[in-house]
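Beneath this line is the structure, given in structure tokens, with notes to follow.
The values are calculated or read from the model by the stated rules, or taken from the named source; none is laboratory data. Everything numeric in this text was worked out from a predicted model, so none of it was measured. When we count neighbours, we look across all protein chains shown, and the Cβ atoms used for this are built from the backbone with ideal geometry, even at glycine.
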Amino acid sequence: MSLLLALLLQVGPNPTLDTLPRADDPLINRPPPRRARVTRDPVVEARTINPSSGWLQSCLDQIDADPARAHSMAQIRRTEVTGVDAVLANLCLGTAAVQLGRWNEAREAFIAAREDTPTTEPATRARFAAMAGNAAFEARDSAAALSLLAEAREDARKGKAQVIEAIALTDTARVLVAGGREEAALSALSQATQIAPDRAEGWLLYATLLRRLDRLTDAQAAIERAAQRAPKNPQVGLEAGVIAVLDGRDEAARSSWQSVITLDPDSPFAETARGYLAQLAGEEEDAP
């Protein structure tokens, strides 16, 4: 394991893996990037946190309390250090900029982190390129987003990091859908499901886009693959119900949406499911 990747794992950020879709339409209403959950790795956790990772953890913790202060900390830090420490400073700077909604600045920080990462660490470079691409997309620069995500995919292939490559492909699909290029997005999602077939999100997004294109049989097959991998994912349950009701299978739709409510009655997904059920009940009452 490289030193840089070990440091990233040690403090926990894994932003490229934190791209879960929203309940209403994951290919359009993509949430802003967030700080990811802590990644637990027994090999890494056994190591003593060194000053570099200790500083990064402190900076990331500061983002939760005061993102503007963390932003300033990172700006100062990156002028004083080089090498791995500069990479980590740009990571925190970019993450703070995301929290502040300063998308162009976030993109530049993540690009700088990638450029300072040795070419011998392509998987890490892929992570930063994908983060920069997402920031560019939020800044409404689709051309730059597609270019950066293409770099992420190339880096991921060099590093044989299939999951990162698949994530970059799903993010590419989101950019393409936003630009009205749905067939190109469908191709990207198809590739993503082939490269990382165990990722439920890829199948969920693939099913969603197939449904939007009125390819309901293919959408049903894709959502079943998603459900096999994430049977308790409420987004999968919501989408399965939408596909079913459009295909005239009202009882299957009702069952899918009820499962979302049963899973977590107080969640926003459950609220959406109740709305769908109410709408379905109203249509049935209005039918002759």
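Filtering 56, 60, 93 for residues that are closer than 30 Å to residue 178 by Cα, surrounded by 18 or more Cβ atoms within 10 Å (Cβ to Cβ) and touching a helix residue (DSSP H, G or I) at 6+ places or on another chain (Cβ under 7 Å) leaves a single hit, 93. Looking only at the range 157-168, decide whether some residue is in a helix (DSSP H, G or I), more than 14 Å from the chain's Cα centre (by Cα), surrounded by 24 or more Cβ atoms within 10 Å (Cβ to Cβ) and modelled with pLDDT of 95 or more. No; the residues of the range 157-168 include none that is in a helix (DSSP H, G or I), more than 14 Å from the chain's Cα centre (by Cα), surrounded by 24 or more Cβ atoms within 10 Å (Cβ to Cβ) and modelled with pLDDT of 95 or more.
Pick from 113, 135: which is in contact with a Lys or Arg (Cβ under 8 Å, 6 or more places away or on another chain), aliphatic (A, V, I, L, M) and within 20 Å of residue 102 (Cβ to Cβ)?
Values: 113 fails: in contact with a Lys or Arg (Cβ under 8 Å, 6 or more places away or on another chain).
Answer to the selection: 135.
Here the helices (runs of 4 or more DSSP H) wholly within the range 180-241 that include at least 2 residues being more than 19 Å from the chain's Cα centre (by Cα), surrounded by 16 or more Cβ atoms within 10 Å (Cβ to Cβ) and among the hydrophobic types (A, V, I, L, M, F, W, C) are 216-229.
Within the range 72-81, can one find any residue that is part of a loop (DSSP other than H, G, I, E, B), touching a helix residue (DSSP H, G or I) at 6+ places or on another chain (Cβ under 9 Å), charged (D, E, K, R) and in contact (Cβ under 8 Å) with a residue 12 or more places away in the chain? Lay out the reasoning, then the answer.
Step one: filter the range 72-81 for residues part of a loop (DSSP other than H, G, I, E, B), giving 81.
Still in the running and touching a helix residue (DSSP H, G or I) at 6+ places or on another chain (Cβ under 9 Å): 81.
Now narrow it down to the ones that are charged (D, E, K, R): none.
No, every residue in the range 72-81 fails to be part of a loop (DSSP other than H, G, I, E, B), touching a helix residue (DSSP H, G or I) at 6+ places or on another chain (Cβ under 9 Å), charged (D, E, K, R) and in contact (Cβ under 8 Å) with a residue 12 or more places away in the chain.
Going by the conditions given, is residue 168 of a type outside the set (S, T, N, Q), in contact with a helix residue (DSSP H, G or I) (Cβ under 6 Å, 6 or more places away or on another chain), closer than 20 Å to residue 122 by Cα and touching a residue at least 24 places away in the same chain (Cβ under 8 Å)? Working first, answer last.
On the way: of a type outside the set (S, T, N, Q): yes; in contact with a helix residue (DSSP H, G or I) (Cβ under 6 Å, 6 or more places away or on another chain): yes; closer than 20 Å to residue 122 by Cα: yes; touching a residue at least 24 places away in the same chain (Cβ under 8 Å): yes.
Spelling it out, residue 168 is indeed of a type outside the set (S, T, N, Q), in contact with a helix residue (DSSP H, G or I) (Cβ under 6 Å, 6 or more places away or on another chain), closer than 20 Å to residue 122 by Cα and touching a residue at least 24 places away in the same chain (Cβ under 8 Å).
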